[in-house]
1. Using the crude model of +1 on Lys and Arg Cβ and -1 on Asp and Glu Cβ, and no other charge, please compute the dipole size for the chain relative to its Cα centre, in debye to 20.
2. In whole Hz, with x marking every Gly and Pro, tabulate ³J(HN,Hα) for the stretch 22-34 from phi via Karplus 6.51 cos²θ - 1.76 cosθ + 1.60, θ = phi - 60°.
3. For Asp2, Asp37, which order do you get if you count the other beta carbons within 10 Å of each Cβ and list the fewest first?
4. Using all C-alpha to C-alpha distances in the stretch 42-99, build P(r) with 10 Å bins and read off the rounded percent in each one.
5. Tabulate in residue order the Karplus-calculated ³J(HN,Hα) for the stretch 37-45, using 6.51 cos²θ - 1.76 cosθ + 1.60 with θ = phi - 60°, rounded to whole Hz; enter x for Gly and Pro.
6. Counting other C-beta atoms within 10 Å, which of Ile121, Ile5 has the fewest, and how do the rest follow?
7. Rounded to the nearest 500, what is the chain's calculated 222 nm mean residue ellipticity when only DSSP H runs of at least 4 contribute -39500 (n - 2.57) each, over all residues?
8. Expressed as an acute angle from 0 to 90° and rounded to the nearest 10, what is the orientation of the C-alpha long axis of helix 67-86 relative to the principal long axis of the chain?
Amino acid sequence: MDISIFFARLWGSFYLIFGSLFLVSGFLGRVIEMTDDRAFVVSTGYITLLMGLVTVILHSLWVPDWRAVITVIGWTTLIKGIVKIGFPERIRRQAQPFRKFQPASAVALLVLGGWLLWMSI
């Protein structure tokens with residue numbers, strides 16, 4: 001399997017699952033509340049860093065097509081992981097505005113996830 005197809009399916013599935021959870025159960029609100037816990041932010045930062053690092057190492061393709069989206073996702077995930085580990089209080093501040101946009105955030109994840117899965121066909 002092509003690495004781009006693999007990452008499109010991985011990230012697409014991830015976004016569809018979390019977009020559904022955010023939309024149906026209001027899970028995003030609970031995640032935003034958990035950003036008050038520094039240990040939670042740092043521990044999820046290690047997972048985020050690992051996901052981004054693997055994506056960047058295996059898929060750093062700066063090409064003028066859909067595969068560049070996966071590269072951008074990898075780099076933004078890597079940077080987010082670094083910020084979560086190094087500056088957890090910043091994550092709490094950045095998460096607060098998303099309380100107002102929970103449904104829109106969920107729909108954006110669903111659309112991005114669906115698009116990535118469609119591109120992997």
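We did not get these values from a lab; they are worked out from the coordinates using the rules stated. Only a predicted model underlies this, so the values are computations on that prediction, with no experimental measurement involved. Note: ideal-geometry Cβ built from the backbone for every residue, glycine included; neighbour counts use all protein chains shown.
1. Details: 11 positive and 6 negative charges, 61 e Å.
The dipole magnitude comes to about 300 debye.
2. Per residue, the Karplus-derived 3J(HN,Hα) values read 5, 6, 7, 10, x, 4, 4, x, 5, 5, 4, 4, 6 Hz.
3. On the way: Asp2 9, Asp37 13.
So the residues, fewest neighbours to most, are Asp2, Asp37.
4. 26, 42, 26, 6
5. Whole-Hz 3J(HN,Hα) from phi for the stretch 37-45: 8, 4, 5, 4, 5, 5, 5, 6, x.
6. So the residues, fewest neighbours to most, are Ile121, Ile5.
7. Values: 6 runs with 98 residues, N = 121.
It comes out at -27000 deg cm²/dmol, rounded to the nearest 500.
8. Approximately 30 degrees, to the nearest 10.
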